[in-house]
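Following: one structure in structure tokens, then a few remarks.
Read the figures in this text as sums done on the coordinates, not as results from a lab. Only a predicted model underlies this, so the values are computations on that prediction, with no experimental measurement involved. Here the Cβ positions follow ideal geometry from the backbone for every residue, glycine too, while neighbour counts run over all protein chains shown.
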Amino acid sequence: MTSHRDPRAMSRDELVAYFNAGGDISELLRDATAGPDLGPTPSPDAIPMIVTGVRLPSDVVRRLDQLAGNDRGGRSGVIRQAIDEFLERHAGEAA
């Protein structure tokens, strides 16, 4: 048995602290059951948008939100535009 509290019983603030401290998502998945078969995994090219997560300092998020203002694309739109511009500037470069 683990010495950590069960993340499913934590408040939002406790979860944030848990994951910021390197909490392991396997605790959440431990008792998960398989869902319905949704068929084969589609090719990434067949998916118009893929959700991904990044950790950003809170002051950066506040600045992104201010920059986005009432724009329909919101914070995500600002980030997508910045990434598109970055990729265009660095096209053909290897990491």
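Only one of the values (i) 93, 30, 14; (ii) 50, 39, 32; (iii) 56, 33, 25 was calculated from this structure for Cα extents along the principal axes in Å; name its label. The listed entry that was calculated here is (ii).
For the chain, the mean residue ellipticity at 222 nm estimated from helices alone is -12500 deg cm²/dmol, where every DSSP H run of n ≥ 4 contributes -39500 (n - 2.57) and the total is divided by all residues, rounded to the nearest 500. Ordered by the count of other Cβ atoms within 10 Å of each Cβ, fewest first, Ile79, Ile25, Ile50 give Ile50, Ile25, Ile79. Taking Cα atoms only, the orientation of helix 74-89 departs from the longest principal axis of the chain by about 60 degrees. In order along segment 39-49, phi translates into HN-Hα couplings of x, x, 5, x, 5, x, 5, 8, 9, x, 9 Hz, rounded to whole numbers, per the Karplus curve 6.51 cos²θ - 1.76 cosθ + 1.60 with θ = phi - 60° and x for Gly and Pro.
Sequentially through segment 66-72, phi angles give Karplus couplings (6.51, -1.76, 1.60; θ = phi - 60°) of 5, 5, 5, x, 9, 4, 4 Hz, Gly and Pro residues having no value and appearing as x. Note on Ser11 and Arg62: the model spin-label points, each 7 Å out from Cα along the C-beta direction, lie 2.2 nm apart.
Please compute the net charge surrounding Arg75, taking Lys and Arg as +1 and Asp and Glu as -1 over other residues with Cβ under 12 Å from its Cβ. Neighbourhood net charge equals +2.
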